[in-house]
Every structure is written in structure tokens, then in C-alpha cells.
1. Mind ranking 148-160, 37-49 by how tightly packed they are, going by the mean number of other C-beta atoms within 10 angstrom, highest first?
2. 5 Å is the cut-off here: which amide hydrogens, built 1.01 Å from N in the peptide plane, fall below it relative to Tyr193, excluding neighbours closer than 5 in sequence?
3. Taking the alpha-carbon set of the stretch 49-153, what are its Rg and Dmax in Å?
4. Whole percent per 5 Å bin, from 0 to the bin with the longest distance: what is P(r) over all C-alpha pairs of the stretch 121-189?
5. Please work out the FRET efficiency for the pair Ala207 and Arg154, using the Cβ-Cβ distance as r and a Förster radius of 35 Å; give the result to the nearest 0.05.
6. I'd like the Karplus ³J(HN,Hα) series for the stretch 229-242: coefficients 6.51, -1.76, 1.60, θ = phi - 60°, whole numbers in Hz, and an x wherever there's a Gly or Pro.
7. Match the structure shown to one of the listed values (1) 42, 42, 37; (2) 87, 53, 32; (3) 56, 34, 31 of Cα extents along the principal axes in Å, computed from it, and give that label.
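Nothing in this text is a laboratory measurement; each read-out follows from the coordinates by a stated rule. This is a predicted model, so every value here is computed, not measured. Because the Cβ atoms are built from the backbone with ideal geometry, glycine has one as well, and the counts that use them run over all protein chains shown.
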Amino acid sequence: MVKAWLSSRPRPGAVWGVVSAGLTSGRARALIVRVCACAWFLVLGAASFRAVSGLLADIAAGRASPGAWTAVLSEGCIALFYTIICCIMLLRPEPVSRAVGLGPALLALAGSYGAWLIPLLPRGPELPALAAASAAILVFSEVLIVYTLLSLGRSFSLIPQARKLVTSGPYAIVRHPLYLVEEAAIAGVLLQYAWFAALPFLVLHVAVQIRRMQLEEAVLLKTFPEYAAYVRRTPRLLPGVW
């Protein structure tokens, strides 16, 4: 009887095989990616909130620089941006279509996180007027980034994917408003850096983002028949230009 019971039990290897198959199924894989993405943006948001807290502490202690309040507003927008993305990643539905292959994913990473390389560039001359212009562009752009992200809602994605076609709000003006205001923010930051390094960086980053736009549009055209009419009536990035 004991021998029969032992022979009826699944082997450990077989059990692990069933578990592995479950973990690598499409639904489980999507859940793992969703949880990891939420955790990542939660960490980024927490880091930004901590930066805001440190800036406020410096202001209260009288150790703050003249542009401290601008930095608080800017960093606060960044923290809000990451928090919203975390919520979207958690609540958004699965895509109905997506770009395939490793290339679109690598482009998404390069476009999304390439700006983190900016502090490695050589700094430009410290001119008060230039610093003020940089701060003003950065804060204005980040407010628009948050507004555009809220307009996009649960259709947001880093890698080219299709969930729901959004054509209202800023998307009624241009097809890729989020990319537009993100590049404006990066350009504002780059005003503080040496032009011979900042300009090639901006050109390269814009080239990466344009390719991301093209890949996204290919996915949307394949998924939503009405997207072709939207493309004909709405400029890609600059109203009246392109």
C-alpha cells in the first residue's frame, strides 16, 4: 500500500515542471512584468518625494539656494509623474496589440532613461538668466507632462502597445504630445550644459523618440482602423509643421 502511494505521488521534477510552465504562461508573465514595473516606478517616486522633503528641510533651515522653490515644484512634478505611472501600470488592461522583438523594447529604454545620462555631460557657463530660463522651461514642461499623462490614462505604455485610442485633450492637437513636452523638458535641462555636448545629445535623443513614434503608429494603425483618419487630420509633433 505504501509502495502504491509513493508511486502515485508526482515526482519533484514533474511538480517543478508544472510550476515553471505556469510561471512562463502569458498571463503569469504579464502579471510579473506588471508587478515589477509598479515596484520600479514606486521606488522612483519615493526617491523624488525624498528629494522634495530634503529641499523643504533646507528651505526651513535657511540653507536653500535662490532657486530652491523652483526645484521643489520641479521635483514634485516628477514625483507625481512616477506615482501616476505606478497607478496606471497597476490598473491598465492588457494590450490588444504590441510591437514584437527586442528592438522596440531597447528603444523604449533608451528614450525613457537616456536623460539620466545628462549629468555626465560637461556643464556650461553659470549664467543667472540661463538658469532662470532652464528652470522655467523645466517646470512648465513637467506640469504639461503630468497633464498629458492623465489625459492618456490607462493607455500609457513605454513599449509600443495598443489598448484604447486616445484622440482628445492634447492628443487632439498633436499625435504625440507626451514626447513633445518630454523633449521640451530635456531641452530646458540641457541649457545648463555645454552646447557642444548638449546639442548632439538632444539630436540623438530626438532621433530615438521619433523612431519610437513610428513604431507606436504602426501598432495603432494595425489595431484601430480609425487611426488612419486621425493621422490625416492631426500633425505628429508640431502643429502646422510636421
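1. On the way: 148-160: 17.9, 37-49: 16.2.
My ranking of the peptides, most packed first, is 148-160, 37-49.
2. Gly124
3. Cα radius of gyration and Dmax of the stretch 49-153 are 17.3, 53 Å respectively.
4. P(r) over the stretch 121-189, rounded to whole percents: 3, 16, 22, 20, 14, 9, 8, 6, 2, 0.
5. It comes out at approximately 0.75.
6. 5, 4, 4, 5, 9, 10, x, 5, 9, 10, x, x, 10, 7
7. Evaluating Cα extents along the principal axes in Å on these atoms matches (2).
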